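Before I ask anything, here is the structure I am working with.
The values are calculated or read from the model by the stated rules, or taken from the named source; none is laboratory data. Because the structure is predicted, anything quoted here is derived from the model rather than measured. When we count neighbours, we look across all protein chains shown, and the Cβ atoms used for this are built from the backbone with ideal geometry, even at glycine. Surface accessibility is based on the protein's heavy atoms, side chains included, excluding ligands, DNA and RNA. Shrake-Rupley method; radii C 1.70, N 1.55, O 1.52, S 1.80 Å.
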Amino acid sequence: MKLSAPAAQFASLYDGTPKIIVVGAVTGLEAGTVPLRLLRLVRHDGGYLLLSGDTEPEEGEALRALAIPPAAVRALWSGDEAARRDAERLLGWWEEAGGPDSAPPQMTGDASTLLRGLLAQAFGEIDGLHRRNAGLQQTLSTLREEWGRSARLPPEAVELLDALRLSPPRLVFASPRPVGALPVPLRHGRNTAGAAEIVQRLPAGARGLAGLDLHLDQAPKGSGVLAVALTGVESGESLAEWRLSFGDLRSGWLSLRLSAASTRMDRLLDLRISAIGVVTEAPRLSLAQAGLLDEYAVAPPARAVGQPAMLALRLWGGLPGLEYGAAAHLALHPAPEHMVWPLTQPVLAQLRKGREFEATFPWFGLLRGGRVLLHPLHGVVTAAHIPLDEVPGAVAVRARAVIDDPRCRTAIACKLVVAPSSLTVDEAEREQGILASSGWMVLEEPRRPLDLLAALAAPWSGPMVLHLFTDIPDRGHGLYGRTIFSDFEVEIDSRTAWANPPALPVMDGVAATP
């Protein structure tokens, strides 16, 4: 079939305006009855010509052959059976040029037949639009739910959000338990001959450093000043200085704080400690084993239980530039009331089973990222515990629990218990003589985390044990009930944790002590 159109009308055949192709003579359809453009199919020079409306081709007007069917054609209307043959030929050409199922519906009859057919098409389009809209809403709801449960933020963004959410400084380093002591070199009065100092390289950079704790094994006796300076190794500049009177020192943890978390970029920091005065006993700083951290051994060299030693210290970090608590000079309590100790991988590596069980699948273990696997087992309460040594002034313990396997359809109960180290796992489960408990809480669906909080009635200092329990409330088998505990934190009361009031750096030559 040869199909052409006047060159002046050729472009209009492919715009987005809805169209009807009329084959043969039709009656009863007045202009403006339907908001569609009418195209007429007429025979011309052994082929067919497609014209717009009532226009006729001018004498000698250029014609252009159609290789692609016109766009947005809603129907092919033939007024009677005589024109039906031309319509069928056009439909055959349409199938060849546009592909299967590309031809518009064919309607034969008067104008009312055409209108009924177009109305049915309109209702069908409306129904399809409703179905597509419903499908889109369902897709958006599913996507929103998946983002709410499964989206993973970059670690940097999570760290920033935690820093903004948790205003207390966070523990970034803690040395092992003190096992020795080292006296601070003392200068007597104006005699500086042979004066020395203790130098301790810090295992953290300056950016975000909010303060540090030193452990005094023995407070000095007499009169004098303990001088502590924080210096950058690369720049040689002093970042902060503390001068503390011997009369204000007590044995235990000495809290040294910055007025705001440091914004400097120094990567290597040295802590330099010396003393001047007249004493009967010099201050003694506690020592801890350096272990594999030989580069952080104290100078002059000292040994703790036969191994290289470092000063017993804790480092606290925060959001650079943020003031934590009252940071004004001579503030009564420059350190915040509460601080947060996140339990890191080395601490969690002490994880042990609370009870021995045998199963055909992994049900217990320490996973990457400080996560603890404690899969519930049929008919028993699974348990695990994490021992903590020398906890300073703990007032609360937090953790997060979640069912990791999306195939799980069983509710899982879990519990966090804080207990003294002398209690057994059975006593901890029964909550006899414990310090705090979150109580049994139920994970009802996978991938939705549950926060566990065990708040202590009074601050606790000393060893304690964190007990973890999981159980299946309906006594079922708990298929795919892979339960993960993570984000362990200990909240510390500042007034109980340190024997000495927090000290700010020297400002304008004045010691910023409470």
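Check off (1) modelled with pLDDT of 80 or more; (2) closer than 22 Å to residue 115 by Cα; (3) surrounded by fewer than 17 Cβ atoms within 10 Å (Cβ to Cβ) for residue 30 and give me the number that stays unchecked.
(1)
Follow-up. Output the residues belonging to the stretch 196-239 that are of a type outside the set (D, E, K, R), closer than 20 Å to residue 170 by Cα and in contact with a Phe, Trp or Tyr (Cβ under 9 Å, 6 or more places away or on another chain).
202, 203, 204, 209, 210, 211, 212, 214, 215, 230, listed by residue number.
Can you tell which of 207, 187, 243 is in contact (Cβ under 8 Å) with a residue 12 or more places away in the chain, more than 30 Å from residue 463 (Cα to Cα), basic (Lys, Arg) and in a loop (DSSP other than H, G, I, E, B)?
207
What are the residues in the stretch 359-405 that are in contact with a Lys or Arg (Cβ under 6 Å, 6 or more places away or on another chain), open to solvent by 10 Å² or more (accessible area, probe 1.4 Å) and either more than 27 Å from residue 460 (Cβ to Cβ) or hydrophobic (A, V, I, L, M, F, W, C) (or both), if any?
364, 375, 404, 405
Look through the stretch 477-495, keep the residues that are open to solvent by 80 Å² or more (accessible area, probe 1.4 Å) and more than 29 Å from residue 458 (Cα to Cα), and return whichever of them is farthest from the chain's Cα centre (by Cα).
So the first thing to find is which residues in the stretch 477-495 are open to solvent by 80 Å² or more (accessible area, probe 1.4 Å), and the list is 477, 479-480, 487, 495.
Checking the rest, the ones that are also more than 29 Å from residue 458 (Cα to Cα) come to 477, 479-480.
Working: 477: 32, 479: 28, 480: 24 Å.
Per the stated criteria, the residue is 477.
Still on this structure, please answer the following. Here are the criteria: (1) within 23 Å of the chain's Cα centre (by Cα); (2) under 28 Å from residue 480 (Cβ atoms); (3) surrounded by fewer than 17 Cβ atoms within 10 Å (Cβ to Cβ). Tell me which single one residue 344 does not satisfy.
Checking residue 344 against (1) within 23 Å of the chain's Cα centre (by Cα); (2) under 28 Å from residue 480 (Cβ atoms); (3) surrounded by fewer than 17 Cβ atoms within 10 Å (Cβ to Cβ), the one that fails is (2).
Turning to a different aspect of this structure: If you check every pair at least six apart or on different chains, which have Cβ atoms under 9 Å apart with a residue in the stretch 35-46 that is closer than 14 Å to residue 77 by Cβ first and a residue that is open to solvent by 60 Å² or more (accessible area, probe 1.4 Å) and modelled with pLDDT of 85 or more second?
36/74
While we're here: Six or more apart or on different chains, Cβ atoms under 6 Å: show the pairs whose first residue is in the stretch 430-444 and more than 17 Å from residue 398 (Cα to Cα) and whose second is not in a loop (DSSP other than H, G, I, E, B).
431/437
Going by the conditions given, is residue 236 at positive phi and surrounded by 16 or more Cβ atoms within 10 Å (Cβ to Cβ)? Spell out the reasoning first.
On the way: at positive phi: yes; surrounded by 16 or more Cβ atoms within 10 Å (Cβ to Cβ): no.
Considered against the rule, which asks whether it is at positive phi and surrounded by 16 or more Cβ atoms within 10 Å (Cβ to Cβ), residue 236 comes out as no.
Pick from the stretch 54-95 the residues that are in a helix (DSSP H, G or I) and exposed (fewer than 13 other Cβ atoms within 10 Å of the Cβ): which of them is modelled with the highest pLDDT? Before the answer, list the steps.
Looking only at the stretch 54-95, we keep the residues that are in a helix (DSSP H, G or I), and these are 81-95.
Add one more test, that the residue is exposed (fewer than 13 other Cβ atoms within 10 Å of the Cβ), and what stays is 81-82, 85, 92.
Values: 81: 72, 82: 70, 85: 80, 92: 86.
Per the criteria, the residue is 92.
What strands (runs of 3 or more DSSP E) completely inside the stretch 354-411 contain at least 3 residues that are under 12 Å from residue 483 (Cβ atoms), among the β-branched types (Val, Ile, Thr) and in contact with a strand residue (DSSP E or B) (Cβ under 9 Å, 6 or more places away or on another chain)? Talk me through it step by step, then tell me what you get.
Details: elements: 364-367, 371-374, 382-403.
Of the strands (runs of 3 or more DSSP E) lying wholly inside the stretch 354-411, those with at least 3 residues that are under 12 Å from residue 483 (Cβ atoms), among the β-branched types (Val, Ile, Thr) and in contact with a strand residue (DSSP E or B) (Cβ under 9 Å, 6 or more places away or on another chain) span 382-403.
Determine whether the stretch 219-232 contains at least one residue that is part of a strand (DSSP E or B), under 30 Å from residue 487 (Cβ atoms) and not aromatic (Phe, Trp, Tyr). Explain how you work it out, then say what you get.
Residues of the stretch 219-232 that are part of a strand (DSSP E or B), as a first pass: 221-232.
Next, from what is left, pick out any that are under 30 Å from residue 487 (Cβ atoms): none.
Checked against the condition, which is being part of a strand (DSSP E or B), under 30 Å from residue 487 (Cβ atoms) and not aromatic (Phe, Trp, Tyr), the stretch 219-232 yields no hits at all.
Right, next: Quickly run through the stretch 272-294 and pick out the residues that are surrounded by fewer than 18 Cβ atoms within 10 Å (Cβ to Cβ), in a loop (DSSP other than H, G, I, E, B) and either in contact (Cβ under 8 Å) with a residue 24 or more places away in the chain or touching a helix residue (DSSP H, G or I) at 6+ places or on another chain (Cβ under 7 Å) (or both).
Within the stretch 272-294, 291, 293 qualify.
Got a number for residues in the stretch 443-460 being open to solvent by 70 Å² or more (accessible area, probe 1.4 Å) and in a strand (DSSP E or B)?
4
Across the stretch 130-149, what is the total count of residues that are at pLDDT 75 or above, under 21 Å from residue 445 (Cα atoms) and open to solvent by 100 Å² or more (accessible area, probe 1.4 Å)?
So the answer is 1.
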